[in-house]
Structures are given as C-alpha cells and as structure tokens.
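Scroll down for the structure; my scribbles are underneath it.
The values are calculated or read from the model by the stated rules, or taken from the named source; none is laboratory data. As the structure is a prediction and not an experimental result, all values here were calculated from the model. Cβ atoms come from the backbone with ideal geometry, glycine included; neighbour counts cover every protein chain shown. Surface accessibility is based on the protein's heavy atoms, side chains included, excluding ligands, DNA and RNA. Shrake-Rupley method; radii C 1.70, N 1.55, O 1.52, S 1.80 Å.
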Amino acid sequence: LYRFGHQQAGGVVDPSSQTEDLGDDAIKASEYGIANLKRIVPNLIEWTSKPGEDYSDLSDMYGHVVSQFNRYMGHVSSNIGGVYENYKTSDQEGAVYTYVSKEHQENCLTFVQNQLFLTPTWLIDKDIIARTEYSGITETIRKSQVRTLNNILEPGRMTRMAENEALNGNSAYKLEDMMQDLRSGIFYELKSGNEIDTYRRNLQRAYVERMNYLLNNAKDVSRKPSSSYVKSTQVKMNASEVIPMVKGELMTLQAQLTKSSKKAKNNTQKYHLEDLSNRIDNILKETK
C-alpha cells in the first residue's frame, strides 16, 4: 500500500510524507543514520585518497555527509507542529487530519537540541578541514543550525501549534511550551554558567535574528494552501497568537542576558551577551 501526501511552500506539514524518509519513527531512523555518519567521517581521508590526486573527492564526500546530516534534522524537526494527512472519501470513517502527538513532538525537539544545537563536534574533523578548506567550518555548522532553527520557527508551523492547543487543550504540544523549551536549550549556558563557544554564539545570534523576522516581517507573509480539502483563500500567520509569544520570549531572554552578562567569565562572553541584549532592545523598539 502506497500513500502520497502533499508539501507546501511553508515547509512540510505531514511528517510521514517526506522525501528520503522511510519508517515510522524519524528519531530512531536518524539516530541510526547519524551513527553511520560518525563511522564514515574518521575514514573519509583513507577512503577517498589516491596517490597523485588532490583532495577533491574528500571535499565532495565530506559535503555529502553534511547534507545527509541536514536531511536527518529536517526529517525529525518536521514532526514539530506536524499534522498527519490521510485522504478519505465521505463514506470512510476517521479524521483526515490528525496532529502529531505531544510526546513525540517534545522528543523531536529534544533530539534536535542534543544532536544539532549542541555543537556536533564529531562533524568538525580537523584533519579533513586541514585538507579541504582554509576557512568556513564555523559557517558550515551555522548554516546547518539556522536551517533547522528556521524550520522549527516557521510561521505556518507555529500557527498550527496554536490551533492544536485551541482544539485539544493540554493534550497538545503548546506553542508556549515549545518556545520555552527551544529558548532553554539554545541558551542553556545562561543557567549552567558554561562558556559559550563560537558555534553556540552563532546559533544564539541566529535565534535572535529569526525572532526579529517573526516579529517584524513574517506577519505580512501569506501562504496558499495546496490541499483540495482546504479553502482556496490565502492563509496568513496567526499574528494574534504568534507575535505576543515571540515578544514575550524576547523580553524574558533579554532579562536573562542582562543578568548573565554581569557574571560572564571573559570579555568575549560579556560582549556577546550585551550585544544580544542590545539587538533585542532594537527589535522591540522597531515593533509596531
């Protein structure tokens, strides 16, 4: 039995209908996939080296590893705010649309936090980098993190989470809970007191930039539904739900940044936290 689902410009809606994604548990499948990638990376130099040739093959294969890792992150993160879509005719029983369970959505966010937002140091192989590029690894990691972060904080996805709560109450993974979990993970150093390295600083800046987009730009973006079940009118982000949540999260984060900057272990960290606080201040002033 084959089942085909649609995708749309705003991102994957049905996480069970994704390209290059097999099985019914994206977390388990991705864990296996990442375990394989971790075995591949230490052997790439040996497997791609040939006497008299340069490291072009090594560079290409390393790029494929990064791309495959990104696919796993996409497969998992698309479950957050996801809705299963099972086409039915009017004589068939059951719902057409069913939200992904609260527990699974929570587990998917935890997976992304642990595998990607906590710097994937296994992917930063110094021997490979020394043979393939003179700079760029920090940008490679940043792009991977930003890609998934923006996927999670996608306006349509956030709107679906708000609607899920409206329909199903406490059985839903609430937008508020997701936003708090996301912030706590990305800025865990503010509570733990750990040093914030370059990769994490990049991620934290990207988070603030995405929140700025949601607060000051995304509310003007609309999307066209691609399912025949949905009315043909354009559907806009539910700004009345998303905007206050984003603003509240930024205000909470700013208070945490101000407090933590006074306890920073070094100037680099202190300046970083102060810069984020200033950025948030400017974002909130810009908000209409």
#### Entry: Cα-centred dipole magnitude for the chain, charges only on beta-carbon of K, R (+1) and D, E (-1), debye, nearest 20
980
### Query
Among the helices of the chain (complete DSSP H runs), which have Cα atoms covering no less than 24 Å along the helix axis and a Kyte-Doolittle mean of at least 1.0?
none
#### Entry: Alpha-carbon centroid distance for the pair the stretch 103-176 / the stretch 31-46, whole angstrom
20
### Summary
For the pair Thr138 and Leu167, the simple spin-label estimate (label points 7 Å beyond Cα toward Cβ) gives in nm 4.4
### Query
In sequence order, what are the phi-derived ³J(HN,Hα) couplings for the stretch 121-131 according to the Karplus relation 6.51 cos²θ - 1.76 cosθ + 1.60 with θ = phi - 60°, rounded to whole Hz, with x for glycine and proline?
4, 4, 7, 9, 8, 5, 5, 5, 4, 5, 9
### Label-point separation, Asn36 to Ser101 (7 Å along Cα→Cβ), nm
2.6
### Query
Which peptide among 189-198, 249-258 comes first, and what is the full order, when sorted by highest mean count of other Cβ atoms within 10 Å?
249-258, 189-198
#### Entry: Carbon + sulfur, % of accessible area of the chain - ligands and nucleic acids excluded, 1.4 Å
48
